1. So how far, in whole Å, is the C-alpha centre of the stretch C:1-56 from the one of the stretch C:75-150?
2. Using Cα atoms only, what is the angle between the long axis of helix A:21-32 and the major principal axis of chain A, expressed in degrees (0 to 90) to the nearest 10?
3. Give the calculated FRET efficiency between residue C:127 and residue C:26 to the nearest 0.05, with a Förster radius of 22 Å applied to their Cβ-Cβ distance.
4. Magnitude of the Cβ-charge dipole of chain C, K/R +1 and D/E -1, about the Cα centre, nearest 20 debye?
5. Based solely on C-alpha atoms, express the radius of gyration and the Dmax of the stretch B:5-126 in angstrom.
6. Can you find, among B:119, B:86, B:26, the residue sitting farthest towards the positive end of the charge dipole of the stretch B:5-126, where Lys and Arg contribute +1 and Asp and Glu -1 at Cβ?
7. Taking the Cα centre of the protein assembly as shown as origin, work out the dipole magnitude from +1 charges on Lys and Arg Cβ and -1 charges on Asp and Glu Cβ, in debye rounded to 20.
8. When chain B is treated as a GNM, springs tying every alpha-carbon pair under 10 Å, which of B:103, B:21, B:111 comes out with the largest mean-square fluctuation?
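We did not get these values from a lab; they are worked out from the coordinates using the rules stated. Since this is a predicted model, take the numbers as computed values, not measurements. Counting neighbours? That spans all protein chains shown, and the Cβs are built from the backbone with ideal geometry, glycine included.
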Amino acid sequence: MLQELKQEKVGIIPCNGEELCEGTLTRFACRKVLDTLRPHETVTICLPLFIAGDAGERNFAKTFPTITVDGCSKRCSQVTTEKLSGKPRYAVVVSELLKERGIEVPPSKRTLTEKDQAAIDLVAEDIAGKVDAILRKG
Amino acid sequence: MEKKIVVIPCSGIGKAYGEIGRQAVYELIEDLRPGIVTTTCLARLMIDDPDAKALINDNPVITVDGCAKDCARKNVEFTGKKVDRALRVIEVFKENRDLKAQGILKLGEDGLKLVHILARKLNEEIAGLMRKEP
Amino acid sequence: MSDDFLEVTYDKFVFRVKTGYFFHPEECWAAREGNLVRVGVTDFLQKVVGDLVFLELPETGKEIARDGYAGTMETIKTTVDLFCPVSGRIEEIHSGLIDNPQPINSDPYGEGWLFKVAADDWAGDKKNLMDAQTYFPKMEAKIKEEIAKK
């Protein structure tokens, strides 16, 4: 017996890019959305697990709306999501968002400090706003 | 181009192991083996980024996976490249049972100790690989 | 969908309950296997605790009471006690799991079995366990509690 309980949820897919601090930012911002801003409305999709073929990650991304969060304009998360499950509802590019809003890119990809909180908050709020837009429209 | 050792963490975002692996790689790149160890974004391999593919094809590769799902190793091997070493953070935790990470991204004191232990272990693997390389 | 399992999906997780098994409130299961009862932990429990790293199992030959302590499982997040769903004597333990407990996560109802008991009174002890259909809604209630904790 299979019962599917449709919860209104949005999948957040960060790129986790290791080479740029914007990649580190995607992790912190996404976790903020998942843990604090929209904990009951969002689910994280682990991109490496998604790519490796995990059924849970892939099925969720096929069934529910997603937001990809890329560090840079290579848009690895967006391109991969489109290839493996379908077009995300929104595609955030952190480097472009920071530039648009005049926020400095954090200096270190290894650690983000209190000083970088403005950047984390900006990205997290942007994602949260998009989650709300998805859930309002249905 | 000078040979590098490419160390790629899974950077899994669901568990502390992903962040521990990622931080250990940064410790190698910035503190223990600057100029010798490098990394690349795992996802760049999936979008067929030519520079990322050339980097792993031309150099030895070590993957650092958080857990037994082995995402980094699998993702690299999907490109046709066989990794030279594959480590799992969970195995390091088994040897250091008392060091429990505090959170998924904010690891806390014990989580950071695990990072240092893992970085040193990776450093030994790199030493082994460098002895073999011409 | 499978005849072997009752399933429910929450977010990206499919929670499974093996039909034909019997379930204890402390999230272990029992399945008759010839003269023995095979014991393991539920899919719900392994998902909640995360990747198993350490495992302690009871010794073979040990007499154990129903609801009695039967070892521990440890992950990077937590340590949980294991309980035995039936009274009897431990006849066999799945010793391979001690160095590699990963099958408990990947196959909790199959390769993740923990130990086998020569039960004193299987018919009697079974009455205190839940069949899959009875356990399933209780599992769902626990899932909702876990989600609400977030």
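1. Computed from Cα coordinates, the inter-centre distance equals 6 Å.
2. The angle comes out near 50 degrees.
3. Values: r = 17 Å, r/R0 = 0.76.
That pair, residue C:127 with residue C:26, gives E of 0.85.
4. Working: 18 positive and 27 negative charges, 85 e Å.
For this selection, approximately 400 debye.
5. Rg, Dmax (Cα atoms, Å): 13.6, 42.
6. B:86
7. Details: 62 positive and 68 negative charges, 197 e Å.
It works out to roughly 940 debye.
8. B:103
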